[in-house]
Structure formats: C-alpha cells, structure tokens
1. What do you reckon, is M291 more than 16 Å from the ligand (Cβ to nearest atom) and either in contact with a Leu (Cβ under 9 Å, 6 or more places away or on another chain) or of a type in the set (F, W, Y) (or both)?
2. The conditions are (1) over 30 Å from I67 (Cβ atoms); (2) part of a helix (DSSP H, G or I); (3) out of contact with any Ser or Thr (no Cβ under 8 Å at 6 or more places or on another chain), and V263 fails exactly one of them. Which is it?
3. Identify the residue in segment 372-395 that is buried (at least 24 other Cβ atoms within 10 Å of the Cβ) and hydroxyl-bearing (S, T, Y) and, among all such residues, is farthest from A215 (Cα to Cα).
4. Criterion first (within 16 Å of the ligand (Cβ to nearest atom), among the aliphatic types (A, V, I, L, M) and either in contact (Cβ under 8 Å) with a residue 24 or more places away in the chain or not in a helix (DSSP H, G or I) (or both)) does L184 satisfy it?
5. Which residues, counting only those in segment 84-94, are away from the ligand (no atom under 14 Å from the Cβ) and of a type in the set (G, A, S)?
6. Quick one: would you say Y239 is of a type in the set (F, W, Y), within 13 Å of the ligand (Cβ to nearest atom) and out of contact with any Gly (no Cβ under 6 Å at 6 or more places or on another chain)?
7. Can you say whether M322 is surrounded by fewer than 24 Cβ atoms within 10 Å (Cβ to Cβ) and assigned to a helix (DSSP H, G or I), as far as the supplied structure shows?
Amino acid sequence: MEETKSREKFSSGLAVFFATLGSAVGLGNIWKFPYLTGQYGGGAFLLVYFCCILFVGLPIMLGEFYIGRKARKNAVGALKQLKPGTSWKNIGIMGVGAAYMIMFFYSCVAGWVYFYLFKAISGDFIGITMETAKAQFGSVIMGPISPIIWQFIVMAVVASILAMGVKQGIEKITKTLMPLLFVLIIICDIRALTLPGAAEGVTFLFHVDFNQLTAAAILTALGLAFFKLSLGMGTMITYGSYFTEDNNMFGTAVKVALSDTLVSMLAGLAIFPTVFSFGMEPGAGPGLLFMTIPLVFSQMPFGSFLLVAFFFLTAIAATTAMLSLVEVPVAYWSEERGMPRKKAAVVNAVIIAVIGVLATLSVDKASMLGNITFFGMGFFDFFDYISSNILLPLGGLFIALMMGYAIKREEVVMELSNNGKLKIAKLVSVYFFLIRYVTPLLLIVVFLNSIGILKF
Ligand code: PHE
C-alpha cells in the first residue's frame with residue numbers, strides 16, 4: 001500500500017507523451033520496420049500494418065493505460081489488484097517472459113548500433129561504396145567477440161540507468177533528443193529522395209499489390225504493430241502506472257501511435273530510395289539499415305559528422321526503448337518478489353546479456369551455434385518470432401478480452417474520462433465496440449490464418 005503512495009509519476013502531460021514515445025520509438029522504427037517492409041513486398045504489407053495499428057494496437061494501448069493507471073502497479077501487480085484471485089495476472093507473467101525474449105535479440109541489434117556509432121566516430125565509413133557497406137556489416141555481426149562486447153556494454157548502460165531509477169532523466173532525454181532524431185531522419189529523407197532512381201523506392205513503399213500478401217506477411221505485420229507500440233507485454237501497463245491523473249489517455253494513445261508511425265514511415269523513406277538508387281535488394285533482411293544509412297550520408301555535405309549524430313540518436317532511441325522493456329521484469333521482481341530494485345536491475349541485465357549471446361552468435365550460420373535451429377529458425381530469429389508474432393499478440397488478445405468482458409464498463413468510463421472531467425461518451429462507445437468485437441476477432445482470424453486453419 002505505501003508503495004502506491006510513494007510511487008513516482010511522470011511530471012506532466014508532455015512528459016507522459018514523451019516518455020511513452022521513448023518506449024515506442026526504437027529499433028522497431030529504424031531497423032525492423034524497414035527491413036520487414038522490404039522482405040514482405042512493400043505497400044500491401046504497409047496497408048495491413050496500418051490496419052493493425054488502428055483496429056488492434058490503439059484499443060489495446062488504451063486498455064493497458066487504463067489497467068496501469070487505475071492500479072498504479074507493475075504489470076503483474078496491476079492485474080492482480082484489478083482482478084484479485086483470478087488467472088488474469090498470468091498475462092503479466094507472460095509479459096515478463098516476452099520482455100526477456102525480446103531483450104535477447106534487441107540487445108544484440110542495439111550492440112550493432114553502438115558499434116556503428118563507434119565506427120562512425122573513427123571515420124570507418126569514409127569513402128564507402130555499396131560493396132564495402134555490405135562487407136562492413138558482415139564483419140561487424142560476425143565478430144565473433146566484438147559484437148558480444150558491445151552487447152555487454154549495452155546491457156551495462158541499461159542496468160546502470162535502471163538501477164538509478166530515473167524517470168525524470170528518461171523524460172528529459174527523450175524530450176530533447178527525440179525531436180533531434182526526427183529532424184535528422186528528415187534530412188536523410190531529403191537526400192535519399194533526390195538520389196538518382198529514388199522514385200523506384202517510393203513506388204516500392206506505396207504500391208499495393210495484394211498478390212504479395214501471404215499469411216506469414218499478415219502475422220508479421222500484426223506482430224510488428226505490437227512490437228512497435230510496445231504492446232501485449234505490460235510495458236504500457238507499467239508506464240500507465242506512472243501517468244498523471246489528469247492525462248487524457250485517449251489523446252496520448254492517438255498521439256503516440258501517430259508519431260511512432262510517422263517516424264517509421266520517414267525511416268522507410270530514407271532507406272528504400274537509397275536501396276533502389278544503389279541497386280541493393282529491398283529484401284536484404286536485418287542488415288538493411290546498416291548497409292544503407294552510411295551510403296546516404298556519404299552523399300551529403302558534413303556527412304561524416306551527421307552519420308555520427310544519426311547513430312548516436314538511434315543508440316539513444318534504442319536505449320530508451322530497452323529501459324521500458326527491462327522495466328517490466330525489474331518492476332516485477334522488485335515489487336512482487338521483494339528484490340531490491342538495484343539488485344533486480346543488475347540480475348536481469350546479466351541474465352539478458354548471457355542468454356543474449358546465443359542470439360548474437362547464431363547470426364553466423366557457419367558457426368556451431370548458427371546451426372542449432374528450432375522450427376527452422378536460429379536463436380536470433382526464434383526469439384524474435386516467439387515474442388513478436390506469438391507472445392505479444394496473445395497478450396494483446398487477453399488484454400482485449402479482459403477490458404471488453406471482465407471489467408465493468410462504468411469503471412473504464414470513469415477512469416478514461418478522468419472521473420467525468422472529459423466528455424468522451426461517443427469515443428467510449430466506439431472503444432467498447434472495437435475492444436469487445438473487432439480487436440479480438442481480428443487477432444483470432446490472423447492466428448487461425450497463420451496456422452492454416454482459416455484461408456483467405
Ligand atoms: N517499441 C520498441 C521499438 O520499436 C520495442 C519495444 C517492444 C519496447 C516492446 C517495449 C516493449 O523499438
């Protein structure tokens with residue numbers, strides 16, 4: 001109980017927005033969104049992704065905000081408090097598991113970003129060509145020792161920030177650096193869009209060809225929507241628990257989803273024109289970002305300096321997203337299991353770093369670890385697939401069911417309207433229609449489609 005009283009909060013409405021955006025914007029926008037859009041054929045994938053954000057992501061985000069702010073507890077504690085003695089708390093436990101799974105591979109990619117920052121500072125990309133861009137990426141991820149060291153550095157940074165428990169710090173960092181990242185991506189867009197042959201990249205991104213759409217693409221777009229908006233695993237419950245009382249949570253959810261999608265689109269507009277201009281493959285996979293960005297910057301004045309800035313800001317965005325990921329198990333261990341917060345931060349970071357090494361080493365397909373597969377996937381892809389495509393949407397489905405059927409409508413109305421202060425009667429009706437029928441149905445249909453039970 002005292003815990004509830006002394007619990008930190010974000011300092012204002014603006015801080016709520018930026019902190020939440022700090023969780024949403026990360027490698028998902030800059031690394032994952034472009035490479036998946038490239039792999040799954042562009043426009044049609046994008047369209048499905050937008051629908052997932054609108055009809056699935058937004059309602060679930062609002063549900064998580066509700067649960068978090070109402071209970072003012074970590075994900076598991078919040079579910080226990082709102083539905084005592086029931087199994088709903090297991091959504092939170094599953095979320096803690098999903099957070100680990102994501103971190104195992106996220107910390108690896110964040111390590112590549114830190115490494116690229118270091119290389120950009122050392123001037124390693126001067127005079128880069130398409131061939132050397134590919135070779136550089138290959139040597140960064142194959143290490144084998146250096147990517148592990150960078151992954152450990154990443155986890156040390158995350159653990160130290162979390163151990164200090166600095167909500168205010170996260171707010172300040174995102175408030176100043178997020179807009180800078182935004183501006184830098186726009187500069188990148190301008191250069192990329194004026195490269196010879198850029199138009200082909202734009203066409204690729206926006207041309208909708210439904211023949212490209214497979215069941216796997218639809219499930220991936222859904223998983224990406226969850227991953228992007230940090231949903232289905234309790235991050236937004238935990239963040240909601242730090243929201244101010246007067247925050248308009250409808251407004252926050254819409255603003256966060258829109259801004260996040262905008263950042264992803266801008267990243268896509270920097271990457272695809274470059275891919276086509278240099279004759280690269282849009283479906284090149286996880287290396288897409290790392291191979292194209294140094295090339296765009298090599299084509300502009302002050303390119304070497306701006307490249308450093310780009311990787312610096314991307315490293316920050318990845319770090320704030322990781323803080324929100326690791327916050328889920330840390331808050332769980334410290335609030336539910338009584339482990340001191342500092343210890344929880346360090347123990348979790350060590351677990352993630354150690355198991356994360358499996359993901360990092362599995363990238364080299366010729367190595368011993370690279371040959372171990374589960375359902376045809378190596379460690380890296382397996383961690384990603386299980387978390388993004390299964391655990392997060394499943395967590396989301398349960399949250400939708402809980403919001404739609406297990407919690408009293410009047411209570412939700414009171415909380416979302418800030419005890420009647422906001423006039424949101426119409427919005428609430430739309431909300432309940434979505435969360436009761438549309439969101440769960442879509443989730444179930446996509447699941448059934450992906451395992452082949454339902455074909456369309
Ligand atoms: N949304 C983050 C990104 O796009 C990743 C993330 C997923 C963060 C789930 C928290 C929870 O990079």
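The values are calculated or read from the model by the stated rules, or taken from the named source; none is laboratory data. Owing to the predicted nature of the structure, the values given are computational and were not obtained by experimental measurement. In this analysis, Cβ positions are derived from the backbone assuming ideal geometry, glycine residues included, and neighbour counts consider all displayed protein chains.
1. Numbers: more than 16 Å from the ligand (Cβ to nearest atom): yes; either in contact with a Leu (Cβ under 9 Å, 6 or more places away or on another chain) or of a type in the set (F, W, Y) (or both): no.
For M291, the condition - more than 16 Å from the ligand (Cβ to nearest atom) and either in contact with a Leu (Cβ under 9 Å, 6 or more places away or on another chain) or of a type in the set (F, W, Y) (or both) - is not met.
2. Among (1) over 30 Å from I67 (Cβ atoms); (2) part of a helix (DSSP H, G or I); (3) out of contact with any Ser or Thr (no Cβ under 8 Å at 6 or more places or on another chain), V263 violates only (1).
3. Only one residue tops the list, namely S387.
4. No: the conditions fail for L184.
5. Of everything in segment 84-94, those that are away from the ligand (no atom under 14 Å from the Cβ) and of a type in the set (G, A, S) turn out to be G85, S87.
6. Working: of a type in the set (F, W, Y): yes; within 13 Å of the ligand (Cβ to nearest atom): yes; out of contact with any Gly (no Cβ under 6 Å at 6 or more places or on another chain): yes.
For Y239, the condition - of a type in the set (F, W, Y), within 13 Å of the ligand (Cβ to nearest atom) and out of contact with any Gly (no Cβ under 6 Å at 6 or more places or on another chain) - is met.
7. Details: surrounded by fewer than 24 Cβ atoms within 10 Å (Cβ to Cβ): no; assigned to a helix (DSSP H, G or I): yes.
It is false that M322 is surrounded by fewer than 24 Cβ atoms within 10 Å (Cβ to Cβ) and assigned to a helix (DSSP H, G or I).
Listed here are the residues, each with its yes/no results for (1) acidic (D, E); (2) touching a helix residue (DSSP H, G or I) at 6+ places or on another chain (Cβ under 6 Å); (3) more than 27 Å from P440 (Cα to Cα).
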| site | (1), (2), (3) |
| --- | --- |
| K32 | no, no, no |
| Y35 | no, yes, yes |
| Y40 | no, yes, no |
| G43 | no, yes, no |
| C52 | no, yes, no |
| F55 | no, yes, no |
